[in-house]
Amino acid sequence: MNLTHLDEKNRPKMVDVSQKNITQRIAKASGMITMNKEAFKAIKENSAKKGPVLQTAIIAAIMGAKKTSELIPMCHPLMISKVETDIEEFSDACTFKLIVCVKCEGKTGVEMEALTGVSIGLLTIYDMVKAIDKEMTIHQIILENKEGGKSGKFVRS
C-alpha cells in the first residue's frame with residue numbers, strides 16, 4: 001500500500017501538489033449540537049452570560065476554516081476566497097445544525113476547511129453554554145458535498 005503522507009523512509013511528508021491544476025474547489029460540511037431546553041432557550045433569547053452564541057459560533061467557524069492548515073498536520077495552507085455559514089434550528093430536539101461552505105481556487109480541496117469550520121463553530125457553542133448544560137452532544141459532523149479537482153463532484157447520498 002502506498003501511503004501519500006509517508007516518504008520512502010517511512011517519514012511523514014506533505015503531499016506535493018505542484019503538478020496539479022488550479023481549479024475552483026468548493027466543499028460543504030455540517031454538524032449538529034443537541035442540548036437541554038434551558039441552554040437552547042438561552043441561545044435563542046440571546047441571554048447566555050458569555051454573549052451572542054450563534055453570532056460568535058459563526059465567527060469561530062470562519063476562523064476555524066481559515067486556520068485549518070495550522071491545526072491538521074498535513075493540510076496545505078490555502079487562499080480561501082469564501083466561507084459561508086448557516087444555522088438551522090430544530091426546536092423540538094433542542095438542536096442547532098451548523099453548515100459551513102468553503103470556496104477557493106487552488107490545487108487541493110477545501111473539505112478539511114469546511115469540516116474544521118463546523119467543528120470549531122460547534123465547540124464554540126458548547127463553550128458558551130456549558131455552564132447551563134454540560135451534557136450537550138456534538139454529532140453528525142459530515143461532508144455534505146464537494147466539487148473540483150481530479151476526483152470531481154461528490155454529493156452525500
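Read-outs throughout are calculated quantities, based only on the coordinates presented, and are distinct from any laboratory measurement. This is a predicted model, so every value here is computed, not measured. Backbone-built Cβ (ideal geometry, glycine too); neighbour counts: all protein chains shown.
Summary of values
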read-out: Tally of residues being over 27 Å from LEU6 (Cα atoms), among the small types (Gly, Ala, Ser) and in contact (Cβ under 8 Å) with a residue 12 or more places away in the chain across the stretch 44-99; value: 8
read-out: Any hit, the stretch 84-98, residues being in a helix (DSSP H, G or I) and either crowded, with 17+ Cβ neighbours inside 10 Å or of a type in the set (S, T, N, Q) (or both); value: yes
read-out: Residue, nearest to the chain's Cα centre (by Cα), within the stretch 45-72, restricted to residues that are farther than 16 Å from SER119 by Cβ and surrounded by fewer than 15 Cβ atoms within 10 Å (Cβ to Cβ); value: GLN55
read-out: Index of the failed condition, GLU38 passing every other in (1) touching an Asp or Glu at 6+ places or on another chain (Cβ under 9 Å); (2) over 16 Å from GLU89 (Cα atoms); (3) not in a loop (DSSP other than H, G, I, E, B); value: (2)
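Conditions (1) touching a residue at least 40 places away in the same chain (Cβ under 8 Å); (2) among the hydrophobic types (A, V, I, L, M, F, W, C); (3) in a loop (DSSP other than H, G, I, E, B), marked per residue:
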{"residue": "CYS101", "(1), (2), (3)": "yes, yes, no"}
{"residue": "CYS104", "(1), (2), (3)": "yes, yes, no"}
{"residue": "THR108", "(1), (2), (3)": "yes, no, yes"}
{"residue": "THR116", "(1), (2), (3)": "yes, no, no"}
{"residue": "ILE120", "(1), (2), (3)": "yes, yes, no"}
{"residue": "MET128", "(1), (2), (3)": "yes, yes, no"}
{"residue": "ILE138", "(1), (2), (3)": "yes, yes, no"}
{"residue": "ILE141", "(1), (2), (3)": "yes, yes, no"}
{"residue": "GLY152", "(1), (2), (3)": "no, no, yes"}
